[in-house]
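The values are calculated or read from the model by the stated rules, or taken from the named source; none is laboratory data. Remember, predicted model here, so these are calculated numbers, not experimental data. Glycine gets a Cβ as well: all are built from the backbone with ideal geometry, and neighbour counts include every protein chain shown. Note: accessible area is taken over every heavy atom of the protein model, side chains too, but ligands, DNA and RNA are not part of it. Shrake-Rupley method; radii C 1.70, N 1.55, O 1.52, S 1.80 Å.
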Amino acid sequence: MSFSLPVNHESVAILRSEDDGFRSRFVRDLVQCAVDSRPNNRYAVASVPKRIIQFWDNPLEVPNDVRICMDSWRQLRSAGFVLTCFDDTSARRFVADNLEARHLEALDACYHPAMRSDYFRLCYIGLRGGCYVDVDDVYSGQSLDALFDDGCLKLHPLCYDVPSVTMVPSEVFTRPGADSQNWIFYFNNNPLIAPPGHAIVLRALERSTGILNGIASGELPEIQSTTGPGNLTASLVAQALICDEADTSLALTILQNWNRFATSVWPLSYRADARNWRLSNRKHFLR
């Protein structure tokens, strides 16, 4: 689903995108917009490179259950995809070789492996393009070709219900008019599918870099809003408000059916310890 969005002044747009309530309502309206009210984006003509990128901080310590998830993507090699899993060393080398010193400084400020994964995917996809998927996703076997044949950024929408501490089912929150004051609408940063240089990904990279480079010594910023889905969603909303509808930076496709292609596996061993970012958020990471 593609759509066009209105123009706004940049400073005002950034301020509005940092308002949690406004951001959630903005995403809600995008996700629930009727299919026939979304004009086809005529400007998204470039293709996304057929690369699948993943990250695990230490290649010698990949849990067996995570390895099984990762191996499910291998079959895509026969369909012409290149699969690469980065680790702390190779990710840092990529950033050092291809971006600026401030980006390397920001990567080094990421205090948890999940945070480095978040930040690195913005670096890599922003520069080279392709598809980033988390290592706990299992590939279903469905063809991915349609996700790579244009220059749109593809993102999966999510909705979180605060009181119940659970995710709202997609078939519920995507219905036009579905809403609750307890719901938070946002876009996940998994998968992250984009051509090289997509403006929303680059804006997310710069927003995250600015936050990380500005933290005080010893400060541990909140992961989700600094490098994760909160960062990406705020950046998308700001870019949408700033640019006019003909701008190629608004080339976005909402993936309401990502679960057809991959499923996130939850009962994995690492989720029970400090490797799970939810248990380590704003804490010094100790294995």
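Quick look at the numbers
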| read-out | value |
| --- | --- |
| Only listed residue being under 18 Å from the mean Cα position of the chain (by Cα), small (Gly, Ala, Ser) and not in a loop (DSSP other than H, G, I, E, B), chosen from 146, 91, 96 | 91 |
| Among (1) more than 17 Å from the chain's Cα centre (by Cα); (2) within 30 Å of residue 285 (Cβ to Cβ); (3) in a loop (DSSP other than H, G, I, E, B) - the single one residue 84 does not satisfy | (3) |
| Cross-chain or 6+ apart pairs with Cβ under 6 Å, the stretch 153-164 first and outside any loop (DSSP other than H, G, I, E, B) and modelled with pLDDT of 95 or more, then open to solvent by 20 Å² or more (accessible area, probe 1.4 Å) and among the aromatic types (Phe, Trp, Tyr) | 158/186; 159/183; 161/183 |
| Failed item, numbered, when residue 148 is tested on (1) more than 19 Å from residue 253 (Cβ to Cβ); (2) out of contact with any Phe, Trp or Tyr (no Cβ under 7 Å at 6 or more places or on another chain); (3) open to solvent by less than 30 Å² (accessible area, probe 1.4 Å) | (1) |
| Selection status of residue 29, in a loop (DSSP other than H, G, I, E, B), at pLDDT 70 or above and within 22 Å of the chain's Cα centre (by Cα) | no |
| Single match in 48, 95 (criterion: under 18 Å from residue 200 (Cβ atoms), open to solvent by less than 40 Å² (accessible area, probe 1.4 Å), in contact with a helix residue (DSSP H, G or I) (Cβ under 8 Å, 6 or more places away or on another chain) and touching a residue at least 24 places away in the same chain (Cβ under 8 Å)) | 48 |
| Test: residue in the stretch 246-264 that is modelled with pLDDT under 90, crowded, with 17+ Cβ neighbours inside 10 Å and not hydroxyl-bearing (Ser, Thr, Tyr) | yes |
| Looking only at the stretch 6-26, and only at residues there that are modelled with pLDDT of 90 or more, open to solvent by 60 Å² or more (accessible area, probe 1.4 Å) and in a helix (DSSP H, G or I), the one that is farthest from residue 158 (Cα to Cα) | 20 |
| Residue that is of a type in the set (A, V, I, L, M, F, W, C), modelled with pLDDT of 95 or more, open to solvent by 10 Å² or more (accessible area, probe 1.4 Å) and closer than 27 Å to residue 282 by Cβ, where the choices are 62, 66 | 62 |
| Total residues in the stretch 168-181, condition outside any helix (DSSP H, G or I), open to solvent by 60 Å² or more (accessible area, probe 1.4 Å) and either more than 19 Å from residue 20 (Cα to Cα) or touching a residue at least 12 places away in the same chain (Cβ under 8 Å) (or both) | 5 |
| Residue satisfying all of: in the stretch 69-92; closer than 20 Å to residue 112 by Cα and of a type outside the set (Val, Ile, Thr); least open to solvent (accessible area, probe 1.4 Å) among these | 91 |
